[in-house]
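J.: Handing you this structure, nothing more for now.
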Amino acid sequence: MNIRAGAFAGGVILAAAITGVATSQQQPPSPVAASQVDLPRSRADNAAIAAAQKEPLTARLRGVLSQDPASQRVLSVADASPVPVLVPADPALLRTARIFTGDRHYMLVVQRGEQIIEIYGATKAFQSPIAPAAQPAPTRPPTAGTLTAARPAAPASTIARAGPRITAARVPPVAARAATQARAEGLTNVRTERTEYGVDVTFSRFGAAYNVSFICGGPAAAGCTEAEAVAFASSLQLIGGGAS
């Protein structure tokens with residue numbers, strides 16, 4: 001091997017060694033990882049749960065579930081859930097219901113024609129350690145951290161999706177009426193998002209975070225508008241759960 005060839009080979013070996021050292025070094029963990037927290041329930045939330053449990057429609061829906069052997073499991077699981085379990089107000093939809101539970105969350109799946117509706121609720125969330133930008137007003141300091149509802153892997157949708165806040169200002173009349181109904185039923189932090197399969201609605205109620213996913217034939221399918229989704233979410237009834 002001549003001197004030029006030897007120098008070239010040595011350079012290749014040295015470069016390979018440097019590359020190996022660089023790739024073998026693990027990246028340090030991110031200092032801004034989100035942490036999981038429990039969602040607090042206020043006295044007002046407990047009072048709202050107690051009031052909802054006394055509603056006549058709640059008793060009617062529980063009666064429908066208790067009389068149908070196929071739906072009795074839904075009722076028993078709902079009663080044992082730490083999350084207030086919301087279900088459709090239509091008894092016919094409850095006959096198609098399937099319920100899944102886990103650590104401080106539940107998912108209820110129903111079918112309405114060709115449309116699949118998933119109702120997910122949780123009493124835990126992921127909190128970002130990054131504080132939002134400071135407000136310009138000096139009398140309102142920024143709040144440290146933001147909350148995102150925690151959801152494990154599930155077959156279609158996720159609970160924390162960003163979207164426009166639903167308000168009655170500068171929206172079509174149908175959407176404005178749906179937003180008004182949502183507020184009247186105690187829904188807060190209502191957000192919607194168009195998806196490739198339909199529409200999602202997220203909101204807070206009874207001290208828990210909820211997500212309702214509408215899996216339609218497509219975003220333009222009948223009964224799959226954002227206003228209709230918010231109206232449906234507002235009509236959900238408490239049938240059990242929420243024990244402190």
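The values are calculated or read from the model by the stated rules, or taken from the named source; none is laboratory data. Everything quoted here is computed from the prediction, not taken from an experiment. Cβ sites come from the backbone with ideal geometry, for glycine too, and all protein chains shown count toward neighbours. Remember, those area values only see protein heavy atoms, side chains included, never the ligands or the DNA or RNA. Shrake-Rupley method; radii C 1.70, N 1.55, O 1.52, S 1.80 Å.
J.: Gain in length, E196 to E114, computed as 0.36 nm per residue apart minus the alpha-carbon separation, to one decimal in nm?
T.: 27.9 nm
J.: Moving to a separate point now. Want the number for A220 to S66: 0.36 nm per residue separation, take away the alpha-carbon distance, what's left?
T.: Contour length minus the Cα-Cα distance gives 51.8 nm.
J.: Give the accessible area for I215 in Å² (nearest 10); use a 1.4 Å probe, count only protein heavy atoms, and leave out ligands, DNA and RNA.
T.: 40 Å²
J.: Given R₀ = 25 Å, FRET efficiency for A50-Q181 by Cβ-Cβ distance, to 0.05?
T.: FRET efficiency, A50 to Q181: 0.70.
J.: Still on this structure: What trypsin sites (Lys or Arg not before Pro) does the range 50-129 have in DSSP loop regions with at most 12 other beta carbons within 10 Å?
T.: The qualifying sites are K54.
J.: Could you give each residue of the range 222-227 its phi-based ³J(HN,Hα) in whole Hz, using Karplus coefficients 6.51, -1.76, 1.60 with θ = phi - 60°, and x for Gly or Pro?
T.: 5, x, 10, 7, 5, 5
J.: N189 versus R98, label points 7 Å from Cα toward the beta carbon: distance in nm?
T.: 2.9 nm
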